[in-house]
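The values are calculated or read from the model by the stated rules, or taken from the named source; none is laboratory data. Here the structure is a predicted model, which is why all the values come from computation and not from measurement. Positions of Cβ are generated from backbone atoms using ideal geometry, with glycine treated the same way; all protein chains shown enter the neighbour counts. Protein only, heavy atoms only, side chains kept; ligands, DNA and RNA dropped before computing areas. Shrake-Rupley method; radii C 1.70, N 1.55, O 1.52, S 1.80 Å.
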Amino acid sequence: APSGYKVAEAITFTANGKHQKVTMKDSYKDHTVTVKKVDGDGAYVSGAVLTLTGTDTAGNSVSKSVTTAGSTVTFTVQPGTYKISETTVPSGYTKASDTASFTVTSTGDDTDYVYTMVDTKVTTSDVTISKTEITGKTELAGATLTVTDSDNNTVDTWTSTTTAHKISGLKIGSTYKLTETTAPAGYTVAESISFTVGTSSQTITMKDAYKD
């Protein structure tokens, strides 16, 4: 077959004494598009969903998705115009800003269709501190609270209100301690709580018991 085409199946025909036309059609060869999903250090990222969309030369709409699993991923396509984007970003990473847009030709070399998409590691996360009375149902105002890091440096200090308190920019994987230095009138000071920051937002609830 010509370059870029598959060998067609053989055709059997019978001569009937008249001028007749026999048509043999060659379909395009499939092409492989390769994507490397890595982080800023070049390590492969697992759990990202990459979606290829576009239109082949026959006018057919194409949409295919794959999930990364620690190595390159591939899409098999016919010649056409396509785009690859990240539709789901794994926990702990920011979504890739780069999108691959390209055209696959019948004679194109698969080595031309290799793309790298980079997810940036998330290094900080948000933590919400909820100060409640013992039932955990009502936010308790008037408590003086402090969050310190593992070196006992103060990260944040505030007086609780009827709304939970949010702290941004805490380091993922680091351990912090929540301490109540003064309890509201009628309540006892709660024991300190140590917590480790995860890759997604979390809520730490400290409850004050009533005084005897």
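For the chain, modelled as a GNM whose springs connect Cα atoms under 10 angstrom apart, the maximal fluctuation among A185, A69, A15 occurs at A15. Annotation: extensible slack from Q20 through S174 equals 47.5 nm (criterion: 0.36 nm per residue apart, minus Cα-Cα distance). Rounded to two decimals, the Cα radius of gyration of region 67-176 over 2.2 N^0.38 Å is 1.80. Taking other residues whose beta carbon is less than 12 angstrom from the beta carbon of I172, and scoring Lys, Arg as +1 and Asp, Glu as -1, yields +1. Here the chain has 48 percent of its accessible surface on carbon and sulfur atoms, given a 1.4 Å probe and all protein chains in place.
Based on Cα contacts under 8 Å between residues 6+ apart, the chain shows a relative contact order of 17 percent. Remark: the chain carries a charge dipole of roughly 860 debye about the Cα centre, counting +1 on each Lys and Arg Cβ and -1 on each Asp and Glu Cβ. Counted over all Cα-Cα pairs of the chain, pairs farther apart than 28 Å make up 56 percent. When both region 15-58 and region 102-146 are represented by their alpha-carbon centers, they are found 33 Å apart.
Placing pseudo-labels 7 Å out from each Cα toward the beta carbon at W158 and S106 gives an inter-label distance of 6.5 nm. Comparing T23, T196, T132 in a Gaussian network model of the chain (Cα springs below 10 Å), the most mobile by mean-square fluctuation is T23.
Where in the chain lies the longest segment free of trypsin sites (Lys or Arg not before Pro) that are both loop residues by DSSP (not H, G, I, E, B) and have at most 15 other Cβ atoms within 10 Å? Counting only loop sites that pass the neighbour cut-off, the longest clear stretch is 138-210. Its relative contact order, with pairs defined as Cα atoms under 8 Å and 6+ residues apart, puts region 125-212 at 39 percent.
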